[in-house]
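Below is one structure, written out as structure tokens, with a few remarks after it.
Each reported figure results from applying straightforward, stated rules to the coordinates on display, with no laboratory input. Remember, it's a predicted structure, so these values are computed and weren't measured experimentally. Note that we place each Cβ from the backbone using ideal geometry, even for glycine, and neighbour counts take in every protein chain shown.
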There are 2 protein chains.
Amino acid sequence: MAEKIVKVGLVGFGTVGTGVAKLIIEDADSIAAKIGLRLELACVVDIDTKSARPVKLPDGILTDDLNRLLDDDTIQIGIEMIGGIDTAKQVQLKILEAGKDVVTANKALLAEYGNELYRAAHKNNRCIAFEASCAGGIPIISAIRTGLTANNITAMYGIVNGTCNYILTQMSEDRSQKSEVRRQKSEIRVCPLSFSEALAQAQEKGYAEADPTLDISGGDSAHKLAILSSIAFGYEIALDDVFVEGIEAVSKDDIRYGGEMGYCLKLLAIAERTEGRGQRTEDREQRTELLTSDFRHLTSGISLRVHPSFIAEDNPLARVKGPFNAISIFGSAVGQVMYYGRGAGMMPTASAVVADIIDVALGNSATTFRHLNLRPRSQTVPLIEKIDNLVSRFYIRIMCKDQPGVIAQWSRVLADHQISISGALQHEDIGPDNTVPVVIATHPTQQKNITAALEDMEKLDVIGGKPVCIRIVDIPEDKD
Amino acid sequence: MAEKIVKVGLVGFGTVGTGVAKLIIEDADSIAAKIGLRLELACVVDIDTKSARPVKLPDGILTDDLNRLLDDDTIQIGIEMIGGIDTAKQVQLKILEAGKDVVTANKALLAEYGNELYRAAHKNNRCIAFEASCAGGIPIISAIRTGLTANNITAMYGIVNGTCNYILTQMSEDRSQKSEVRRQKSEIRVCPLSFSEALAQAQEKGYAEADPTLDISGGDSAHKLAILSSIAFGYEIALDDVFVEGIEAVSKDDIRYGGEMGYCLKLLAIAERTEGRGQRTEDREQRTELLTSDFRHLTSGISLRVHPSFIAEDNPLARVKGPFNAISIFGSAVGQVMYYGRGAGMMPTASAVVADIIDVALGNSATTFRHLNLRPRSQTVPLIEKIDNLVSRFYIRIMCKDQPGVIAQWSRVLADHQISISGALQHEDIGPDNTVPVVIATHPTQQKNITAALEDMEKLDVIGGKPVCIRIVDIPEDKD
């Protein structure tokens, strides 16, 4: 079989763009041997054509003129690696209008303007491949779109932001038990860091941006959840459908107390089908177009949320450490599956981008994109559960004055709100004003009950400061 | 877009066949909505047309006549769910010759005759899709062939047999630490079972066949490893390239002693690129056709093996329990990725089969199959490492007489063979003839040194019975 040559153009020559250029250039032979087609990097567009990057480009292909890509009819695929919203969106639209397919890792853009871009692609009979937008090196989008097609996906639980997971890992004590033999060769046990220490360390190691807001606020995870859940459930999901809470306020004390109760703290992105208890979000009415639909579930609801979550320490997700990502998916036929890998970084992301380029070049992406996405239907819209209606277990920490009758008071408040306690620990640590931390785990209850109870508790004289409240997520266990 | 109808025929109406029929029939609407094409089950062929199965077939499609499928030109895809070798092979060949694509889950057949079948498919310009052959519900083949294409895969470590993993899990004590709060709701701690008790329980639960030989001997894992490694490395791998040891001889005492040293016992299927220390296996000479090749690695070797393996208890694979499967893959660009899910069972396997049917129906499988497989090349053949040359750490258990000078004797034997000890524990358990178990973990050494040392040890008067030896597999850790 003669080798087919596929010319591609790259826009954005930053970290990931450099990784992509590197893989295309250095692995051209190896990819040609595997796939029977040869990728050729025809141009690289960036406003900065001067700075040195750790890859040697062929002479004359680096340019600051996007038209070099748009006007070259031999280039089939445009790779948008600019990031950000406005410029990237214009570039993607121009590439599609020039009759080229788009490969991108830009989750922020897709989460905000995906539907508009998908429509532009369909109009131009082109496709957009975006595997690298979610969980970098983990081929999660392909898994949902192809491997799990025969399933109705009922829930997803993901650690999809490496920055937050790195920070939370550094804030957690390593509680794993090691025997003498293994301990000899294991590194010295590291003490847990505070949030700001862990953030500083993440920045030092390149896992966090100088401005880490988008990551630690949960915003980046929300972008990914919007993309993944729209594919998994077949609905047009908007970013504001996702409830978001970041990790900025998490303290290492709560991680430790939760650990003593058998839980591990993770920033989880959660999508769950529900019984449809909730109400519509305000702006749902206009949304009558659905990406695709599983008719049997149109009446059920979907809960979409990103927040710090205590999960059982023996859950496989609890073992996901440092900058790694993992996503646990429950399907009607397959049961539980989990995917684990690096969610970011130059080469893991580049690996996903190049896999997408190959998939587009082979023509597979076009088929999948045509069939699996953006088929507008006039259907009733799905119910997005309001966070107030969420039924969950909760971890609560209050700082109590060390005096008689305190337990009676806070337990009275919980009882008044029909909240039942599954466990409680009073610690001997001393807090501000001679208070002691009391840690409570509840049985399942609605979020609005907890919110009301916490407000009442805060008014008690015997409690100092604002109670801390973290959701306990009981990830279903598929076993035996 | 008008719905395209794709007619399929099923051969083999056993457990998985029934699951496939069920999904196709019951999910036709849902799949049509997602994919834009409607699967229609046109015939089901089985010699047993009488027994009741838990699915309602349309009237008149169940038959014992394979020609109903072969002669029907409207049927595009034949699904072989017979299992076994001879009949299944003939059926697949006939389906291909009749101009239809094949979907199969038959790992034993593919491991033995895959190359012959792939050639027949290419000759007839058809494809064979076999995602379900390895690790059931985990879309591992698709992950290797598409998501990780841009990577040179350097190693794979897999728990790919649910029967063995279930048995080993039942033979292991649950050593996870649970706090008071969580312990309240956790089930009563179960005592570890012996191998035969665990096997009986697995059979009772339907996780093991009446004749469990293929599973517990490691043979089934070897089949899967041969398929996965041929795709991952691009070489034609034969079943006899894989070194195999089963779990029949494993005792729960060794699992416990290993646990005390920080290890967890798993039956691992391992494929690793090596530096090419080893020699060719005898019959390698003739094998000049390679599936595909990564030129840069032609000179390196590949180690392929299935055996009981002690792995660090904090490795994510150690958390894979019961009938679940998981595969950890190391890629040059992506680093470590891991996939986890049910490796067998009616619906998980059916889920993978139907995903394959959809992929074939969309035309994606044809592209992938054409490009990714069986491109004969005249190249030097890869080196398959001999097990004798394996460099590994080892767990050794000897039963020593409880008398002075014993340690001096066995440690002398190890020293004579240049084997260095990384840890040792003497237990107070009493064995036969008043012996006590001594457990030793070694530093890395060659298999042939260990084999020779064990032979010498067995000759010592102070040691009773045959030493037990289990390989310790230090799975590389990709972190930070």
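What are the residues whose amide H is under 5 Å from the amide H of A:Leu62, where those residues sit 5 or more places off or on another chain and H is modelled from the backbone?
A:Val44
With a ≥ b ≥ c the root eigenvalues of the C-alpha gyration tensor of the stretch B:80-150, is it rounded (a/c under 1.5), prolate (a/b larger than b/c) or oblate?
Cα axes put the stretch B:80-150 in the oblate bin.
Arranged from highest to lowest average of other beta-carbon atoms within 10 Å per residue, in what order do the peptides B:401-414, A:152-165 appear?
A:152-165, B:401-414
Quick one: which residues, 5+ away or cross-chain, put their amide H under 5 Å from the amide H of A:Glu385? H built at 1.01 Å from N.
The answer is A:Ile302, A:Ser303, A:Leu304.
Tell me, what HN-Hα J-couplings in whole Hz come from the Karplus equation 6.51 cos²θ - 1.76 cosθ + 1.60 at θ = phi - 60° for each residue of the stretch A:237-242, using x for Gly and Pro?
Karplus values, whole Hz, x for Gly and Pro: 9, 9, 4, 7, 6, 9.
List residues of the stretch B:86-117, by number, whose backbone nitrogen lies under 14 Å from a label position 7 Å along Cα→C-beta of B:Asn125.
Output list for this probe position: B:97-101.
Rounded, prolate or oblate: which fits the protein assembly as shown when a ≥ b ≥ c are the square roots of the eigenvalues of the alpha-carbon gyration tensor, with rounded for a/c under 1.5 and prolate only if a/b beats b/c?
It is rounded, given that a/c, with a ≥ b ≥ c, falls under 1.5.
So the label point sits 7 Å from Cα along the Cα-to-Cβ vector; using that for A:Ile430, what distances do you get to the other copies, in nanometres, sorted shortest first?
Once sorted, the set of distances for A:Ile430 reads 5.4 nm.
Give me the inter-chain shielding for B:325-338: mean count of other chain Cβ atoms within 10 Å, whole number please.
6
Counting only C-alpha contacts under 8 Å and six or more residues apart, can you give the relative contact order of the stretch A:4-129 as a whole percent?
24 percent
Which distance in Å, rounded to a whole number, links the C-alpha centroids of the stretch B:75-95 and the stretch B:127-165?
Their Cα centres are 22 Å away from one another.
Would you work out if chain B is rounded, prolate or oblate? Take a ≥ b ≥ c from the square roots of the eigenvalues of the alpha-carbon gyration tensor; rounded if a/c is under 1.5, else prolate when a/b is larger than b/c, oblate otherwise. Don't jump to the answer; show the numbers that get you there.
Working: a/c = 2.29, a/b = 1.66, b/c = 1.38.
Prolate, since a/c reaches 1.5 and a/b exceeds b/c.
Taking a point 7 Å out from Cα toward Cβ as the label site, list the nm distances between A:Ile5 and the same residue in every other copy, smallest first.
In nanometres, ordered from closest: 4.7.
How far is it, in nm, from the label point at B:Asp240 to the one at B:Lys4 when both lie 7 Å from their Cα along the line to the Cβ?
4.4 nm
Average partner chain C-beta neighbours within 10 Å, per residue of B:151-157?
Counting Cβ atoms of other protein chains within 10 Å of each residue's Cβ and averaging gives 2.
So between A:Asp402 and A:Asp433, what do we pick up on full extension, going 0.36 nm a residue minus the alpha carbon distance?
Extra length from A:Asp402 to A:Asp433 when fully extended: 10.2 nm.
Simple spin-label model, 7 Å along Cα-to-Cβ: A:Asp461 to B:Lys50 in nm?
With each label placed 7 Å out from Cα toward Cβ, I get 8.6 nm.
Kindly provide the Kirkwood hydrodynamic radius of the stretch B:390-472 in Å, to one decimal, from all pairs of distinct alpha carbon atoms.
One over the average 1/r among Cα pairs gives 12.6 Å for the stretch B:390-472.
As a quick test, which of the pairs B:Lys224/B:Lys321; B:Lys22/B:Lys252; A:Lys123/B:Lys100; A:Lys4/A:Lys123; A:Lys50/A:Lys94; B:Lys7/B:Lys123 have an alpha carbon distance above 31 angstrom in this structure?
Correct reply: B:Lys22/B:Lys252; A:Lys123/B:Lys100.
Could you calculate, for the stretch B:4-129, the ratio of the Cα radius of gyration to the Kirkwood radius, expressed as Rg to Rh?
We get a ratio of 0.95 for the stretch B:4-129.
Tell me, for the rotation carrying A onto B, which chain A residue has the beta-carbon closest to the axis and what that distance is in whole Å.
Checking which Cβ lies nearest the axis yields A:Asn364, 2.
If you stretched the chain out fully between A:Ser194 and A:Asp71, how much longer would it get, using 0.36 nm times the residue separation minus the C-alpha to C-alpha distance?
Contour length minus Cα-Cα distance gives 39.0 nm.
Among DSSP bridges having both ends in chain A, what percentage is antiparallel? Round to the nearest 5. Write out the running numbers ahead of the final one.
Details: 52 of 79 bridges.
Just about 65 percent of them are antiparallel.
Looking only at other chains, what is the average number of their beta-carbon atoms within 10 angstrom of each beta-carbon in A:350-362? Intermediate results must be reported in sequence, preceding the final value.
Details: counts 3, 11, 5, 2, 4, 10, 4, 2, 4, 6, 0, 1, 8.
That works out to 5 on average.
Calculate one ³J(HN,Hα) per residue across the stretch B:392-403 by plugging θ = phi - 60° into the Karplus curve 6.51 cos²θ - 1.76 cosθ + 1.60, and present them in order as whole Hz with x for glycine and proline.
Along the stretch B:392-403, the couplings run 8, 8, 9, 9, 10, 10, 10, 9, 9, 5, 8, 9 Hz.
List every residue whose amide H lies under 5 Å from the amide H of A:Ile475, counting only residues 5 or more places away in sequence or on a different chain, with H placed 1.01 Å from N in the peptide plane.
A:Ala312
What's the FRET efficiency of A:Asp29 with B:Ala32 using the Cβ-Cβ distance as r and R₀ = 45 Å, to the nearest 0.05?
E between A:Asp29 and B:Ala32, to the nearest 0.05, is 0.60.
If you keep only loop residues by DSSP, which trypsin sites (Lys or Arg not before Pro) in the stretch A:186-257 have at most 15 other Cβ atoms within 10 Å of their Cβ?
A:Arg189, A:Lys205
Pop the C-beta distance of B:Ile61 and B:Asp86 into the FRET formula with R0 = 30 Å and round what comes out to the nearest 0.05.
Result of the calculation: an efficiency of 0.70.
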